[in-house]
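Engineer: Would you mind keeping the following structure in view while I ask a few things?
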Amino acid sequence: TMKGAIFDLDGVIVDTAKYHYLAWRSLAQRLGFEFTEEDNERLKGVSRMESLQILLEVGGVEADEAERLEMADAKNKEYVDYISRLEPSEILPGARAYLLLLRSKGVKVALGSASKNAEFILNRLGITELFDAIIDGTKVSKAKPDPEVFLAASAALGLEPSECVVFEDAAAGVQAGISAGSKVVGIGSADILAEADRVIGGLYELV
Ligand code: G6P
Ligand code: MG
């Protein structure tokens with residue numbers, strides 16, 4: 001039975017995946033190429049600098065370290081513009097209710113996100129206090145599919161990874177959860193998340 005639940009943020013709790021995509025796409029446009037939603041699947045769950053690396057590969061663009069930092073910074077500025085206007089209505093259907101349900105059953109709840117903007121987003125949505133532990137991109141260095149973020153989250157809850165269920169919308173995140181030794185619930189489409197133990201359309205299916 002599940003003693004802990006570890007949630008990815010973008011695309012699981014809140015509908016920010018679309019803002020990441022818009023900001024990456026506009027960077028690609030400035031660099032002179034199209035960045036499709038299909039390309040974007042590869043960025044989900046992946047850290048900012050690794051996402052940039054993939055995007056530059058897709059566009060066949062060469063850039064040195066200083067240029068990369070500048071590009072990542074420009075993308076993040078545009079992204080932060082979007083999330084500064086986030087409303088609690090952008091919490092995904094069922095997410096808040098499911099967190100409350102788990103808490104009422106005594107299940108410990110953690111965040112396991114690659115984002116350095118995670119705390120800002122949770123505060124903006126007013127749901128910070130629904131998490132017993134928050135592990136985000138400021139606390140880990142290895143990007144999903146590395147299991148570091150989920151191992152750190154289960155440890156922060158005082159649980160074994162095998163006692164925790166990971167909720168993820170990204171292929172890289174599903175892989176990370178499996179590597180950590182947790183059960184994984186994929187959120188989204190079954191073909192992208194084929195390796196998950198179970199795939200659902202959204203947390204609304206669980207409340
Ligand atoms: C999440 C998102 C990724 C994003 C990463 C880093 O994992 O799914 O799309 O690149 O966080 O986010 P940040 O807010 O630090 O740029
Ligand atoms: Mg995600």
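Rule-based calculations on the coordinates, nothing more; no lab input. As the structure is a computational prediction, the values presented were derived from the model and not from experiment. Cβ coordinates were reconstructed from backbone atoms using ideal geometry, including for glycine residues, and neighbour counts include every protein chain displayed.
Engineer: So how do D81, D169, D64 line up by other beta-carbon neighbours within 10 Å, fewest first?
Structural biologist: D64, D81, D169
Engineer: Amide H to amide H under 5 Å from S115: which residues, 5+ apart in sequence or cross-chain, H placed 1.01 Å off N in plane?
Structural biologist: Here the answer is G137, since their amide H atoms fall under 5 Å of that of S115.
Engineer: Now for a different question. Who wins for biggest fluctuation among G45, G173, G11 in a Gaussian network model of the chain, springs between alpha carbons below 10 Å?
Structural biologist: G11
Engineer: Dividing the alpha-carbon radius of gyration of the chain by 2.2 N^0.38 Å (N being the number of residues), what value is obtained?
Structural biologist: Against the compact-globule rule of thumb, the ratio is 0.99.
Engineer: If you don't mind, there's one more thing I want to ask. Given R₀ = 22 Å, what would the calculated FRET efficiency be for R68 paired with E34, taking r from the Cβ atoms and rounding to 0.05?
Structural biologist: Efficiency computed from Cβ-Cβ geometry: 0.60.
Engineer: Computed over the Cα atoms of the stretch 86-207, what is the convex hull's projected area averaged over all directions, in nm²?
Structural biologist: About 6.9 nm², averaged over all directions.
Engineer: For the stretch 33-46, just list the computed ³J(HN,Hα) in residue order, Karplus coefficients 6.51, -1.76 and 1.60, θ = phi - 60°, integers in Hz, with x standing in for Gly and Pro.
Structural biologist: Result, rounded to whole Hz: 9, 8, 10, 7, 5, 5, 4, 4, 3, 5, 8, 4, x, 8.
Engineer: May I pose another question? Local charge sum around S47 (other residues, Cβ-Cβ under 9 Å, Lys/Arg +1, Asp/Glu -1)?
Structural biologist: Charge balance near S47 sits at +3.
Engineer: Okay, moving on. Tell me the angle of helix 17-31 to the major Cα principal axis of the chain, expressed in degrees between 0 and 90 and rounded to the nearest ten.
Structural biologist: 10 degrees
Engineer: Compute, for the chain, the length of the dipole vector about the Cα centre, with Cβ point charges of +1 (Lys, Arg) and -1 (Asp, Glu) only. Units Debye, rounded to 20.
Structural biologist: That gives a dipole near 760 debye.
Engineer: Now for a separate question. Take the chain, connect every pair of alpha-carbon atoms lying under 10 Å apart with a spring to form a Gaussian network, then pick out the residue of R48, R124, R30 with the largest mean-square fluctuation.
Structural biologist: R30
Engineer: Distance check, please: which entries in K116/K183; K3/K142; K44/K142; K108/K142; K77/K139 exceed 19 angstrom between their Cα atoms?
Structural biologist: K116/K183; K3/K142; K108/K142; K77/K139
Engineer: What distance in nm separates the two pseudo spin-label positions at N123 and S84, each 7 Å out from Cα along the beta-carbon direction?
Structural biologist: Distance between the two pseudo-spin positions: 1.4 nm.
Engineer: Does anyone have the angle between helix 48-59 and the longest principal axis of the chain? Alpha-carbon axes, 0 to 90°, nearest 10?
Structural biologist: It is inclined by approximately 50 degrees.
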